[in-house]
Amino acid sequence: MAGMNIKPLVHCAICGRPLRQPKEYGQRYYCQDHLAAFAQDIPPVWQASAWMFGFLLLTILGIGIAGQFLPREPQGTIRFIISASLSVLPALGWLFFVYRSAARTRTEIPNLVLVVFTLAALVAAAIVRPFLYSLINLDDWLTSTTPSNRFLGSILIGGAIHAFVLYTLVRYTVWQTPAFTRRVDGVLYGLAAAWGYTSALNFLFVLDQGGVTLLNGSLRLITQTGAYLSASLIIGYFLGRNRFENLPFFYLGLGFVLAATVNGLLLYAGSELNNIQLSFDQSGFSPWPGLVVVTLVLALSFGAVYGLFRRHNALTKARIEQMLNE
């Protein structure tokens, strides 16, 4: 009727259904089901990740011991098998533990996790690696340029490209779909992208080299893996937050810049810190300094994101309960 104020129909921010009795949170509207869902945790994500981080630590320890006591360096087929296994088994192990833990706890894990994992591996193999190492020859340039240029290039070129790809893989595939229903889905899909991405890059590096040395080469693979996983945790956190609340316009950009910086710094540390001074006039190489830094940053990133999501989800549940009781 004329003169009446008709309230426009709003839609659920997750499933898109029209809502006659919408629930508002963070300046967004939700149906009853998705309001209760987005603050839920996904324990299999943290459990599988903790298992695989522990596996990487044991692998590092095993490689260090083997490097000291093996009578000679593995060669030929044995070297290739060890290298190839180290490049892909951690990623496959993470997937296995995620789905196994989910089945045990009856937690739903979307099949799009496998899609993101596979897509990330294909993008890394078909686009990123040819661009970085064939078209612009990033590794050769970083090796021959000055230390300051290596520092800036690692962040502004390498870190920015890797973080952009990982961000894009999640942001423009699943982020705005009903498969992304919980904050922690940001970490789930971010890690899926990072594991697929790093396994493809590492495997192709091993393939080009015909295998890598047990100590230096294998620890290099683990160092790069840690750099990509750290960036993906940051990306997953920012995407998980921004999906369910109206945050400042620069929020996602800030997350991307932070992820790119961390990734670039870790890739830089993983190579630059390994050049050590043996004496006043003699230098050498050790894979340990960079690996230690990357491992510590990965552990810090994992702990920080886990703690922040637990806090956000606890506060959200308390606020939603208060809303429903009013």
Handout entry: Hits in the range 14-53 - residues which are within 30 Å of Arg104 (Cα to Cα) and aliphatic (A, V, I, L, M)
Key = Ile14, Leu35, Ala36, Ala37, Ala39, Ile42, Val45, Ala48, Ala50, Met52
Practice task
Could you check, for the range 239-247, whether at least one of its residues is of a type in the set (A, V, I, L, M, F, W, C), modelled with pLDDT of 90 or more, part of a helix (DSSP H, G or I) and buried (at least 22 other Cβ atoms within 10 Å of the Cβ)?
Solution key: yes
Handout entry: Where a residue in the range 88-105 is closer than 28 Å to Phe205 by Cα and its partner, wherever it lies, is of a type outside the set (A, V, I, L, M) and crowded, with 16+ Cβ neighbours inside 10 Å, with Cβ under 6 Å and at least six apart
Key = Val88/Ser199; Val88/Phe203; Ala91/Trp195; Ala91/Ser199; Trp94/Trp195; Phe97/Trp51; Val98/Pro44
Exercise for the section: Those residues that are touching a residue at least 12 places away in the same chain (Cβ under 8 Å) and exposed (fewer than 13 other Cβ atoms within 10 Å of the Cβ), I need them from the range 44-72; list them, please. Expected result: Leu70
Exercise for the section: For the range 107-125, state whether one or more residues are over 22 Å from Gly217 (Cβ atoms), among the hydroxyl-bearing types (Ser, Thr, Tyr) and in a helix (DSSP H, G or I). Expected result: yes
Handout entry: Failed item, numbered, when Asn137 is tested on (1) touching a residue at least 12 places away in the same chain (Cβ under 8 Å); (2) under 30 Å from Gly153 (Cβ atoms)
Key = (1)
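Which one is surrounded by the fewest Cβ atoms within 10 Å (Cβ to Cβ) among residues in the range 73-99 that are hydroxyl-bearing (Ser, Thr, Tyr) and touching a Gly at 6+ places or on another chain (Cβ under 9 Å)? Spell out the reasoning first.
Let us first name the residues in the range 73-99 that are hydroxyl-bearing (Ser, Thr, Tyr), namely 77, 83, 85, 87, 99.
Keeping just the survivors that are touching a Gly at 6+ places or on another chain (Cβ under 9 Å) gives 77, 83.
Values: Thr77: 10, Ser83: 24.
Result: Thr77.
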Exercise for the section: Would you mind stating whether Val174 is among the β-branched types (Val, Ile, Thr), out of contact with any Phe, Trp or Tyr (no Cβ under 7 Å at 6 or more places or on another chain) and at pLDDT 90 or above? Expected result: no
Handout entry: Unique residue being at pLDDT 90 or above and more than 30 Å from Gly236 (Cα to Cα) when the list is Phe80, Phe69
Key = Phe80
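The values are calculated or read from the model by the stated rules, or taken from the named source; none is laboratory data. Predicted, not measured: the structure shown is a model, and the values here were computed from it. Every residue, glycine as well, gets a Cβ built from its backbone with ideal geometry; the counts of neighbours run over all protein chains shown.
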